[in-house]
Amino acid sequence: MTKEVKERWAAEIAVHLKDQFGQSVREVVLIDKGWLNVKWKMVTDHGPLFVKYYHPERYKLHTRPERRSAIEKTLQLQHGLSKAGIPCPRVYFYNGQFIQETPSGLFYTVLDWVEGHIAQAGCLNSAHMFELGAATGRMHKWLQSVPPMDKPAWKPDRDAYLREWQGNWEKAQEAGDKTVMEWLSRSHAIVKSMDFRIFEPCKAGWLHWDLWVDNILLHEQGLAGIVDFDRMTMAYQEIDVARAVLSGSLRGGQMRMETARAFMDGYRGQLEVPQGMLSRAMSMIYLIESIWWLRTEVRIESELRGLLGRFVEEMHWIEDNWATLPDQLDNI
């Protein structure tokens with residue numbers, strides 16, 4: 001999409017924002033980040049706001065009312081978390097709706113602006129990780145009071161994993177991608193050997209589901225806020241724990257145990273951590289994300305984009321340390 005199209009959308013949303021919320025936009029700054037959706041910092045006479053436009057090719061909100069309802073739910077929960085004091089942006093609503101629609105049919109949402117910066121993966125310090133752990137624990141504790149969905153959006157399932165694995169294997173074979181075939185041979189062996197009984201004590205619950213460095217805003221003193229709750233759903237909260245520890249503490253192929261411990265100390269100050277939780281959480285995140293990242297399409301892209309390569313690196317770290325994960329992680 002062109003710069004002119006984005007400017008036209010921003011102008012239309014600014015007019016609508018004035019009509020709905022009585023805030024006059026004085027300056028618009030494009031945030032060049034994300035796929036298809038467009039984000040801006042809009043400075044108003046009441047202060048700065050974060051505005052996100054939902055592109056129809058990504059979310060199809062016009063034709064998928066269930067998708068719109070799901071996003072409304074996540075925005076409502078984020079608003080509740082913010083009101084409860086968890087560091088995340090407040091979401092604006094009008095007539096009970098958190099997703100706004102302009103007369104021409106542009107869907108967008110408005111949130112408080114959070115001033116902060118993001119860190120490179122693996123580079124959060126101990127103070128940041130402690131505050132992130134405490135905030136994650138508080139978030140999970142508040143979310144435990146939210147009524148559950150009929151069933152989790154995901155659960156550990158060996159057969160389901162192997163079916164998806166087979167599709168990735170066939171694509172790698174077709175492409176003659178020996179690198180990915182080697183990756184997949186290793187992931188197949190790990191999942192076949194996994195004892196799925198370790199997941200039986202796990203309780204389903206609402207979670208952020210995307211708690212990595214790009215969604216963690218920092219300032220010099222600590223955590224500024226957790227953002228981007230679009231993927232929030234109900235599965236297992238410890239997935240957030242594994243994702244945050246991997247993203248914040250894994251650097252240069254080594255887990256920085258002092259920062260991982262700081263996260264767990266902060267988290268443990270809010271919620272009880274069962275014995276073996278962190279290594280089990282790493283198993284969960286491997287079941288989810290190795291299917292996403294250990295694919296021919298991702299390997300090709302990751303040669304060009306450091307982001308995808310980072311996720312592949314995290315999966316390989318779990319594999320390389322598979323046999324010793326409990327010894328490394330469950331006593332920190």
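Only one entry of Leu278, Leu287, Leu294 meets the criterion of being crowded, with 20+ Cβ neighbours inside 10 Å and without any contact (Cβ under 8 Å) to a residue 60 or more places away in the chain, and that entry is Leu278.
Restricting attention to segment 240-255 and to residues that are surrounded by fewer than 24 Cβ atoms within 10 Å (Cβ to Cβ) and hydrophobic (A, V, I, L, M, F, W, C), the residue that is nearest to the chain's Cα centre (by Cα) turns out to be Leu250. Looking across segment 81-93, the residues that are in contact with a strand residue (DSSP E or B) (Cβ under 6 Å, 6 or more places away or on another chain) and not aliphatic (A, V, I, L, M) come down to Pro87, Cys88, Pro89, Arg90, Tyr92.
Taking helices (runs of 4 or more DSSP H) as the structural unit, those lying wholly within segment 75-194 and holding at least 2 residues that are free of Cβ contacts under 8 Å to residues at least 40 places away in the same chain correspond to 158-175, 178-193.
Go through (1) assigned to a loop (DSSP other than H, G, I, E, B); (2) crowded, with 19+ Cβ neighbours inside 10 Å and name the single condition His62 misses. Going through the list (1) assigned to a loop (DSSP other than H, G, I, E, B); (2) crowded, with 19+ Cβ neighbours inside 10 Å, His62 breaks only (2).
Looking only at segment 79-119, which residues are of a type in the set (S, T, N, Q) and more than 27 Å from Leu223 (Cβ to Cβ)?
From segment 79-119, those of a type in the set (S, T, N, Q) are 82, 95, 97, 100, 102, 104, 109; that's our starting set.
Result: Asn95, Gln97, Gln100, Thr102, Ser104.
Each reported figure results from applying straightforward, stated rules to the coordinates on display, with no laboratory input. Quantities reported herein were computed from a predicted structural model and do not represent experimental measurements. Note that we place each Cβ from the backbone using ideal geometry, even for glycine, and neighbour counts take in every protein chain shown.
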